[in-house]
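Accompanying notes for the structure given below.
The values are calculated or read from the model by the stated rules, or taken from the named source; none is laboratory data. Computed from a predicted structure; not experimentally measured. Ideal geometry is used to build each Cβ from the backbone, glycine not excepted, and the neighbour counts take in all protein chains shown. Ligands, DNA and RNA are excluded from the accessible area calculation, which covers all protein heavy atoms including side chains. Shrake-Rupley method; radii C 1.70, N 1.55, O 1.52, S 1.80 Å.
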Amino acid sequence: MSGTDLVISELFGPTFQGEGPSIGRLASFMRLSGCPLSCQWCDTPWTWQWGAFDKNAEQHAMAAADVVAWARVQRAGLLVITGGEPLVQARQLAGLVPDLIAACGEVEIETSGIIAPPESLAGSGARYNVSPKLANSGIPEHRRIRGSALRAFAGSGTARFKFVAQSPSDLDEIARLQDTYGLEQVWVMPEATSSGKVVTRMRQLADAVISRGWNLSPRLHVLLWEDTRGR
Ligand code: SF4
């Protein structure tokens, strides 16, 4: 494995971006392996939960040139780099993202917001979907909220913020983070891995989200394909 290789969990698409500001866009996905967090409702545990998943089977190294070649033959105009926590591999991404934008047109990076946006990606054209984790993740606040990183995302001009909520009682915590760190463009998304639960929780959240002046995102891939992996 060379120093520029990426540690990949899976490549898939074209499909639809299922969450957040670009929901419904035709997109391909590069899921990177590894995450320093351990959300109790994590929907991609095969990227980090090595007690339950076989690390050797779930991750593989891929040369940057091969990733670009894969991206070039995708029919989607949007590439979503997700995880796991993709910014754990920020050094490898720095050299790759401009080539991926050239190959696909647009790149979104999905991150938990615990690692500041790397200087090396500033001005690259990539945008961030930042999803800071709430208390409902089961993770202590000092591990899931990094104020300096959130302020850097908020000041980057390239970040939108998406929060996973289980009920309207989660919204006060989002408001507190928004005020503390100056977060704009807030999206709320239900924590759910079945279509029924997506709809139920969106109905519970909708009016409260409207009253705060935020946006509400379904999980389109779950509505369409439940929790099928690679969709
Ligand atoms: S940050 Fe994302 S990938 Fe990491 S444990 Fe939480 S939900 Fe899973």
Rounded to 10°, Cα long-axis angle of helix 171-181 versus longest principal axis of the chain = 60 degrees
Want the number for GLU119 to SER169: 0.36 nm per residue separation, take away the alpha-carbon distance, what's left?
-> 14.4 nm
Debye log10 I(q)/I(0) at q = 0.13, 0.15 Å⁻¹ for the range 6-225, Cα point scatterers | -0.73, -1.00
For ILE23, what is the net charge nearby, where nearby means another residue's Cβ is under 15 Å from its Cβ and Lys, Arg count +1, Asp, Glu -1?
-> +2
So what's the gap between the Cα centers of the range 131-198 and the range 49-111, to the nearest angstrom?
-> 23 Å
Taking every eigenvalue of the Cα gyration tensor of the range 42-101, multiplying by 5 and rooting it, what semi-axes result, largest first, whole Å?
-> 24, 13, 12
Helix 90-104: angle to the longest alpha-carbon principal axis of the chain, degrees 0 to 90, nearest 10?
-> 80 degrees
Rounded to the nearest 10 degrees, the helix 195-212 long axis (Cα) sits at an angle to the longest Cα principal axis of the chain of 60 degrees
Cysteines without a disulfide-compatible partner [the chain; Cβ-Cβ under 4.7 Å] = CYS35, CYS104
Calc'd 3J(HN,Hα), the range 109-122, phi into Karplus 6.51 cos²θ - 1.76 cosθ + 1.60 (θ = phi - 60°), Hz, glycine/Pro = x, comes to 10, 9, 9, 7, x, 8, 10, 4, x, x, 3, 5, 9, 5
Might you report the magnitude of the Cβ-based charge dipole of the range 1-79 about its Cα centre, with Lys and Arg at +1 and Asp and Glu at -1, to the nearest 20 debye?
-> 260 debye
May I ask you to order 112-119, 81-88, 221-228, 3-10 by the average number of other C-beta atoms within 10 Å around their residues, highest value first?
-> 81-88, 112-119, 3-10, 221-228
Determine the sum of side-chain charges near ARG127: Lys and Arg each +1, Asp and Glu each -1, restricted to other residues whose C-beta is under 10 angstrom from that of ARG127.
-> -1
If you plug each phi of the range 220-226 into the Karplus form 6.51 cos²θ - 1.76 cosθ + 1.60 with θ = phi - 60°, what whole-Hz ³J(HN,Hα) values come out, in order, with x for Gly and Pro?
-> 4, 5, 6, 4, 7, 10, 6
Excluding ligands, DNA and RNA, the carbon-plus-sulfur percentage of the accessible area of the range 70-195 with a 1.4 Å probe reads 47 percent
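Give me the 1.4 Å probe accessible area per residue for the chain, excluding ligands and nucleic acids, in Å².
I get 43 Å² per residue for the chain.
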Give the Rg (one decimal place) followed by the Dmax (whole number) of the range 164-231, computed from C-alpha coordinates and expressed in Å.
-> 12.7, 37
